Amino acid sequence: MELDAYDNGEFDRGARKVKELIWVVVSGLFFSTWLPGSLWRVTLLRLFGAKVGVGVIIKPRVVVKFPWKLHIGDYSWVGEQVWIDNLDSVSIGSHVCISQGVYLCTGSHEWSSLSFKLITKPIEIADQVWLAAFSRISPGVVIAQGAVLSFSSIATKSLREWTIYSGQPAEAIKHRVKKE
């Protein structure tokens, strides 16, 4: 790599720089803080362009890079210290539990590029998914309905529906039984 050759000029931030600057300030002072409450966090996300459904819970110390690239369905929970590093779109379905400390990463770099070229890929999380505490999701991963990623696991590939995954990298360990 030759980092002095780095140029992310092709990267689309999805909003004007002034909007991004205002979000950085608002997020730092209010959104990503220890202050309790969820409704006002949801309201801030919506004000900055996120699509957020009803009944969504956003806990303290959550970090969202670009709200305008975020979609959260109904009745989903985002736990404390979740980091949504959404250089690309992140779509979270309904009735999803994202536990504390989860990291959703939509960006990386081209290893063979001398200029360390930025690469972004969206993350899609379907309905009724549970991402357990401190798990990690790689760029471009699709997590199908009802999948579970266990504690501290890393999803580097897409996860099948109603399957429980564990490990680094995550491997399927058993089928998830859907109970009524």
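How about the range 19-65: which of its residues are touching a Leu at 6+ places or on another chain (Cβ under 8 Å), touching a residue at least 24 places away in the same chain (Cβ under 8 Å) and among the aliphatic types (A, V, I, L, M)?
Hits for the range 19-65 are Leu45, Val64.
Please find, among Leu70, Leu44, the residue that is more than 23 Å from Trp130 (Cα to Cα), surrounded by 13 or more Cβ atoms within 10 Å (Cβ to Cβ) and out of contact with any Gly (no Cβ under 7 Å at 6 or more places or on another chain).
Sole residue among the options that is more than 23 Å from Trp130 (Cα to Cα), surrounded by 13 or more Cβ atoms within 10 Å (Cβ to Cβ) and out of contact with any Gly (no Cβ under 7 Å at 6 or more places or on another chain): Leu44.
Here are some conditions: (1) closer than 30 Å to Gln168 by Cα; (2) touching a residue at least 12 places away in the same chain (Cβ under 8 Å). Glu110 meets all but one. Which one does it not meet?
(2)
Name the residue that is farthest from Trp162 (Cα to Cα), counting only residues in the range 83-126 that are at pLDDT below 95, part of a strand (DSSP E or B) and in contact with a His (Cβ under 9 Å, 6 or more places away or on another chain).
Leu118
Condition first: part of a strand (DSSP E or B) and crowded, with 23+ Cβ neighbours inside 10 Å. Now tell me which residues in the range 127-145 satisfy that.
Those that are part of a strand (DSSP E or B) and crowded, with 23+ Cβ neighbours inside 10 Å: Leu131, Ile137, Ile143.
State whether one or more residues within the range 74-82 are out of contact with any Lys or Arg (no Cβ under 8 Å at 6 or more places or on another chain), among the β-branched types (Val, Ile, Thr) and over 30 Å from Ser115 (Cβ atoms).
Checked against the condition, which is being out of contact with any Lys or Arg (no Cβ under 8 Å at 6 or more places or on another chain), among the β-branched types (Val, Ile, Thr) and over 30 Å from Ser115 (Cβ atoms), the range 74-82 yields no hits at all.
The values are calculated or read from the model by the stated rules, or taken from the named source; none is laboratory data. Note that the coordinates shown come from a computational prediction; the quantities given were computed from them, not determined experimentally. Backbone-built Cβ (ideal geometry, glycine too); neighbour counts: all protein chains shown.
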